[in-house]
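Everything below concerns the one structure shown next.
Where a number appears in this text, it was derived from the coordinates with a stated rule and is not lab data. The structure displayed is predicted, hence computed values, not measured ones. A quick note on method: Cβ atoms are made from the backbone with ideal geometry, for glycine too, and the neighbour counts reach across all protein chains shown.
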Amino acid sequence: MSLISSALKRIKPSPTIAISNKARELKAAGRDIIALSAGEPDFNTPDNIKEAAIAAIRRGETKYTAVDGIPELKKAICAKLKRDNDLDYKPSQVSVGTGGKQVLFNALVATVDAGDEVLIPAPYWVSYPDIVEFCGGKPVPVMTRLEDNFKLRPEVLEAAITPKTKWLIFNSPSNPSGAAYSHDELKALTDVLLKHPHVWILTDDMYEHLVYDDFKFVTPAQVEPRLYDRTLTMNGVSKAYCMTGWRIGYVAGPEQIIKAMGTLQSQSTSNPCSISQWAAVEALNGPQDFIASNNAVFKGRRDLVVSMLNAAEGLTCPTPEGAFYVFPSCAGTIGKSTPGGVKITDDEVFATQLLESEGVAVVNGSAFGLGPAFRISYATSTEALEEACKRIQRFCAALS
Ligand code: PLP
């Protein structure tokens, strides 16, 4: 009898975390490494949010709370969904978990049976397929193309739907491509979904606030209210509020699913950290103006990185609407060799050789289900980004 369960054997450690760890190890060993692999803002949590947490500790908010969130936070989430997304939810339709990742995990474990198909537009966030696999479901990658800026085309979505399709996982702005769907682009997809009433929509709106150039964020249930009854709208405070370590994510949707997720959470982690929940109340209800100033910095970095990468031989990089990632294609480098004689056969070799020879850590696109490409996180200092892009240009120029 095997010690490790078959469910666990179906999943693998997150490749983005693995590459960040490798970069950290090399740095500790004295190498000059620039890590562009981590998915978190380099900005600190705003002071008013930290103060709210300190006040919560002083008030003694240090006990177990309701399993899926304190009423004050659920109320703040309902107000946020109305204010930003024009969506009406009651607190009984909201579930709060330990980060967006737990919320997604709960939603899928609560609903996916063996053989259920889950459509995942590629390139995708690395955890989606693994969570589906863990549930015994079948992740079905749905391909996008560089020439469409990695956005799903309606006819491709239509062709991927089968009688076994349970969910479409939708993520805009996207990790890893940064692509975000306009109202019309999303409407074209919701029109397809309307025709298939057995398909549920799990939308991951984690990067909602990180959009540039006056882009207007929209979410599926807002664009097509007739999908409201079969949509789970997921979001969290990790990225826009610079709170990755606090671990608060949330979801709103039909009560039946929310209740099932609560049952699961009651038998696993119980409530998310009480102090973090109070910090999240302040994040959602408090001043939002720091987001615009952070975004001005992110936009400057995005423009710098996109232009420097497009100047590198063999790379093509679209300008994404949001998040803090770019996803350049490295198709023009495949088949070339490094000065040391290593042939670039795919994007994994590209990323490994880039780390070896220039000390720049990126994540190869195939880890996100679409290659040859790689992901750069520009949530790091402008100086480090400029230096990293120079090294990438040098690495590409040395290939022959
Ligand atoms: N969804 C996407 C698309 C993400 O990129 C991430 C984090 O990297 C998450 C969800 C999870 O966020 P959290 O840190 O709140 O678990």
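Overview of values
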quantity	calculated
Amide hydrogen neighbours beyond the local backbone of Met143, cut-off 5 Å, H modeled	Ala122
5 angstrom amide H check on Asp116, placed H, neighbours 5+ away	Lys138
CD proxy at 222 nm, helix term only [per DSSP H run n ≥ 4: -39500 (n - 2.57); per residue of the chain; nearest 500]	-12500 deg cm²/dmol
Where the Cα pairs of the range 1-135 fall when distances are cut into 10 Å bins, in %	9, 23, 31, 27, 9, 0
Potential extension, Asp47-Ala7 segment - 0.36 nm per residue separation minus Cα distance	10.2 nm
Set of aspartates and glutamates near Lys12 by C-alpha distance (under 17 Å), chain-local residues within fewer than 8 positions excluded	Asp130, Glu133, Glu348
Most mobile of Gly69, Gly136, Gly332 in a GNM of the chain (Cα contacts under 10 Å)	Gly332
Candidates Lys390, Lys12, Lys166, ranked by Gaussian network fluctuation over the chain, Cα under 10 Å, top entry	Lys12
Ala28-His198 FRET efficiency (beta carbon distance; Förster radius 51 Å; 0.05 resolution)	0.50
Residue with peak Gaussian network fluctuation, the chain [Cα springs, cutoff 10 Å], from Ser366, Ser337, Ser377	Ser337
Mean separation of Cα contacts under 8 Å (6+ apart) over length of the chain, as relative contact order %	22 percent
Cα-based reach from Lys187 at 27 Å (exclusive), listing lysines while leaving out same-chain residues under 8 positions away	Lys80, Lys82, Lys90, Lys101, Lys138, Lys151, Lys164, Lys166, Lys195, Lys216, Lys239, Lys299
Residues Tyr207, Tyr228, sorted so that the one with the fewest Cβ neighbours within 10 Å comes first	Tyr228, Tyr207
DSSP beta bridge pairing in the chain, given as percent antiparallel to the nearest 5	45 percent
Burial order of peptide ranges 283-289, 97-103, 270-276 (average beta-carbon count within 10 Å, highest first)	97-103, 270-276, 283-289
Footprinting exposure proxy for His209, His196, His183 (fewest neighbouring C-beta atoms within 10 Å first)	His183, His196, His209
Mean shadow area of the chain over all directions, Cα convex hull, nm²	20.6 nm²
Rounded to 10°, Cα long-axis angle of helix 274-285 versus longest principal axis of the chain	80 degrees
